[in-house]
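Undergrad: Below: one structure in structure tokens.
Every number in this text was worked out from the coordinates using simple rules, so none of it is lab data. None of the values given here were measured: they were computed from a predicted structure. Don't worry about glycine lacking a Cβ; one is built from the backbone with ideal geometry, like all the others, and counts go over all protein chains shown.
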Amino acid sequence: MTAGPVCISTSLSALHPDGYDVWAAPELFASAGVGAPPDGFFSGGQSWGFPPLHPERIRENRYRYVIASIRTAMRYAAAIRIDHVPGLHRLYWIPEGGDASTGGYVRYRDDELRAIIAIEAFRSGTAVIGEDLGTVSPEIRQAMDADGMLHSFVYQFAATPEHPLPQPTKPSAASVGSHDLPRFATFWRGGDIGELRDRGDIDGREAETRWQIRRSITDAVRSAAPVVVGSDADVRAAWCDVCSRSRSGRQHTCSSISPTSSSKPFPTTGPAPRSSRATGDIASAGHLPTSRPTPR
């Protein structure tokens with residue numbers, strides 16, 4: 001039996017506090033929550049509602065739990081996405097009963113965690129994508145480059161009126177959106193801006209400013225690939241046409257996720273590369289594994 005070419009999004013500790021893992025190995029988890037401090041995107045910060053792995057206890061356990069989690073994901077996936085890749089280096093802990101403004105950062109041994117991921121990726125032939133969106137220190141991105149980990153490139157974050165068709169500058173997994181963002185058809189029509197205004201998150205003046213920026217972006221895309229956009233299928237067709245034009249004849253398959261560099265993601269050695277074809281939401285540009293070795 002071989003597994004299909006799927007992509008699994010994973011985190012080292014994004015588990016329900018009442019779930020099996022926490023129940024079975026409570027000693028590996030801290031009595032706290034995980035989130036993010038207040039910033040320009042979330043003024044009150046974020047509390048994600050799951051307990052963090054304890055950096056010392058998982059080490060005393062010889063990382064058995066971490067290894068088993070990564071190995072299981074890689075056994076069935078051609079690629080995995082490490083959600084919140086800075087969490088390999090540090091996590092923002094929130095004390096029990098507190099809110100996101102009362103937390104603080106706790107460091108992890110990133111060299112050991114990264115080594116585990118690299119070893120398991122080498123053994124399984126799995127590509128690894130790091131979610132490094134937002135504020136991420138240069139040191140973390142340098143570590144990703146050293147490991148051969150793909151970066152995350154999201155069109156909705158990268159596009160501007162001046163650069164409506166931005167291209168990744170590093171080996172990346174590119175997508176038009178993410179689970180934190182509106183679907184592309186909604187983005188294209190500006191429906192998300194109206195929702196923010198109706199909820200009171202932005203006022204009318206801010207909404208108009210955002211609409212003007214959005215119209216500038218979509219007008220620039222239309223000029224690059226003039227089509228009449230109506231249905232969601234039309235939006236997707238227009239985007240695929242723009243992608244093919246902007247890549248100057250290079251092989252490209254339009255999809256939710258597609259590698260954007262011909263350089264190899266890690267592992268750079270190991271099992272032989274798998275066939276180059278797109279299946280499901282994974283698109284291959286000649287280097288993303290698309291079949292699986294026999295499970296161990």
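Undergrad: How much net charge surrounds ALA115 when only other residues with a Cβ under 10 Å from its Cβ are counted (Lys, Arg +1; Asp, Glu -1)?
TA: So the environment of ALA115 carries a net charge of -3.
Undergrad: Now for a separate question. How large are Rg and Dmax for segment 58-162 when calculated on the C-alpha trace, in angstrom?
TA: Reported Rg and Dmax, both Å: 15.5, 51.
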